[in-house]
Amino acid sequence: MDIKYSGLILAILSPFFSSTSTIFQAQAVKFLNPIIVASIGAILGSLILFFILFLRKEKINLGRIKKNYKEVIIMTVLRPLLGQLLLTFGLSLTTGIKAIFFTKTEPYFVLFWHWFLKKEKIKTSYLVLLALHIIGAVVLSTGGNFVLNKPQLGDLLIILAMGLFSLSYSYGKTLANNIGSRVSNAIILGVAGIILLPFVFTVKPFPYPALNSIGWFYLLVSVLLFNVIGLTLWFSSLKTVPAWIVSALRAIGPLVGAPIAYFLFGETLTPLQGFGGILVLLTSFLIAREHLRSR
């Protein structure tokens, strides 16, 4: 199979795993704690990935890691550290089914960073789609009720997390090419998890989460789906597929995530929120198509 097509397939598969993971992670934070989920989840993901590297006898080139230490630090801060903290705290306040739609705001942040950092011009059609996208996000979040509450604050935190995640694409591509997908993923997850670990012991009452077996089960499922599989596929896809395409294809995630949220956990959207969610997905696809046509 052509390497470009294989990269495209990985980019399509990644959001299916990440969206499903978001549903389980939203359940995990409700039984455990956002800090526990962010820290222990990252450490578990890192240990599993290092074990896979050991089984596959993949070599870890310390020289390359040292040479790319800046990218490692930036990726660690943007994704499993600050980005994941914002995401987990957001998930503790809102529902998983809404969250999977808000994670699809990422392409617009990629557009913003291209404009802000690379000085690319933003076409009028992009701005129109952005306005429609914002309207869809507001409708999805509020359902017509414009009083600020905890779920809406959670939605905002998730959107801010996407802003950080979107900034990581160029650094992720560099690490995937220079260090490798699994190695990069294992390192940034491990470092972030260890940094956050001391804060786990501040969770009160501390012994309680350890007794919550269902919460740990949901965490383990989310770790396997996202940290181990989804994020590794994301790194791998960036080797051959442009960041814009990878980001835009994440809009297909709710096609799997939403039914899972409904059938497993009974999470639903009101008709108005459903309209907002469709508007978010549709504008994400259209902005990607417009951008690719201009290439």
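Here are a few things to note about the model shown:
- A single member of Ser247, Ser222, Ser237, Ser181 is under 15 Å from Met75 (Cβ atoms), surrounded by 15 or more Cβ atoms within 10 Å (Cβ to Cβ) and among the small types (Gly, Ala, Ser), and it is Ser181.
- Tallying residues that are of a type outside the set (A, V, I, L, M) and within 13 Å of Gly193 (Cα to Cα) within the stretch 1-51 yields 5.
- Qualifying residue in the stretch 164-174 (condition: in a loop (DSSP other than H, G, I, E, B) and more than 19 Å from Ser247 (Cα to Cα)): no
- Pairs where the first residue, in the stretch 104-124, is closer than 23 Å to Thr20 by Cβ and the second is in a loop (DSSP other than H, G, I, E, B), C-beta under 7 Å, 6+ apart: Lys104/Gly253
- The conditions of being part of a helix (DSSP H, G or I), in contact with a helix residue (DSSP H, G or I) (Cβ under 6 Å, 6 or more places away or on another chain) and under 28 Å from Ala137 (Cα atoms) are met by Val37.
- Residue match in the stretch 204-221 (condition: assigned to a loop (DSSP other than H, G, I, E, B), modelled with pLDDT of 90 or more and among the hydrophobic types (A, V, I, L, M, F, W, C)): no
- Checking the stated criteria, Leu130 turns out not to satisfy the condition of being hydrophobic (A, V, I, L, M, F, W, C) and either under 30 Å from Pro34 (Cα atoms) or in contact with an Asp or Glu (Cβ under 9 Å, 6 or more places away or on another chain) (or both).
- Failed item in (1) over 19 Å from Leu233 (Cα atoms); (2) touching a Pro at 6+ places or on another chain (Cβ under 7 Å); (3) crowded, with 22+ Cβ neighbours inside 10 Å, with Ala42 passing the rest: (1)
- In summary, helices (runs of 4 or more DSSP H) completely within the stretch 53-155 and bearing 2 or more residues that are surrounded by fewer than 19 Cβ atoms within 10 Å (Cβ to Cβ) and modelled with pLDDT under 90 occur at 106-118, 124-142.
The values are calculated or read from the model by the stated rules, or taken from the named source; none is laboratory data. This is a predicted model, so every value here is computed, not measured. Note that each Cβ is placed from the backbone with ideal geometry, even for glycine, and that neighbours are counted across all protein chains shown.
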